[in-house]
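Trainee: Structure in structure tokens, see below.
The values are calculated or read from the model by the stated rules, or taken from the named source; none is laboratory data. Being a predicted model, the structure only gives us computed values, none of them experimental. All Cβ positions, even for glycine, are placed from backbone atoms using ideal geometry, and neighbour counts span all protein chains on display.
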Amino acid sequence: MIHQYDEPVYLISIVAKILDIHPQTLRQYERENLICPSRSDGRIRLYSQRDIDRIKLILRLTRELGVNLAGVDIILRLKENVDEMENEIATLRQEVLQAKNAHSVSHDKALVTKRSIYDMIIFEE
């Protein structure tokens, strides 16, 4: 049976066994707000594949790079910010492409093209 990436299906004991760590380590990561597993109706922790991949990243940072949990928290937050910005940039690029293809720009934006290192400047009111 194949599960979705975000589907919470793994018990804490299974995740601990998969990653070769103690279940208490997973509880510590949760207390530090580094992970947030789902809970069943009986309050049993259930982890998704996304959670497991995040835990693998935490383990890589702590074991291989020697980062403490406070540093891991900062790194994970920065990574989330970068991911959000990359998504926003992709959206803006798509909007610019659509505007170029339609040869028009929405009324709340202005498109300026110059021969310089900048291809466009977007002004929002």
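Trainee: For the range 76-103, how many residues are free of Cβ contacts under 8 Å to residues at least 40 places away in the same chain and closer than 30 Å to residue 29 by Cα?
Mentor: Here is the first cut: in the range 76-103, the ones free of Cβ contacts under 8 Å to residues at least 40 places away in the same chain are 77-103.
Subset that is closer than 30 Å to residue 29 by Cα: 77-88.
Qualifying residue count for the region: 12.
Trainee: I've got another one for you. Can you name the residue in the range 1-30 that is more than 21 Å from residue 78 (Cβ to Cβ) and among the charged types (D, E, K, R) and is also nearest to the chain's Cα centre (by Cα) among such residues?
Mentor: 6
Trainee: Restricting attention to the range 44-75, report how many residues are over 16 Å from residue 27 (Cα atoms) and touching a residue at least 40 places away in the same chain (Cβ under 8 Å).
Mentor: 2
Trainee: Continuing with the same structure: Any residue at all in the range 29-41 that is modelled with pLDDT of 95 or more and over 21 Å from residue 5 (Cα atoms)?
Mentor: yes
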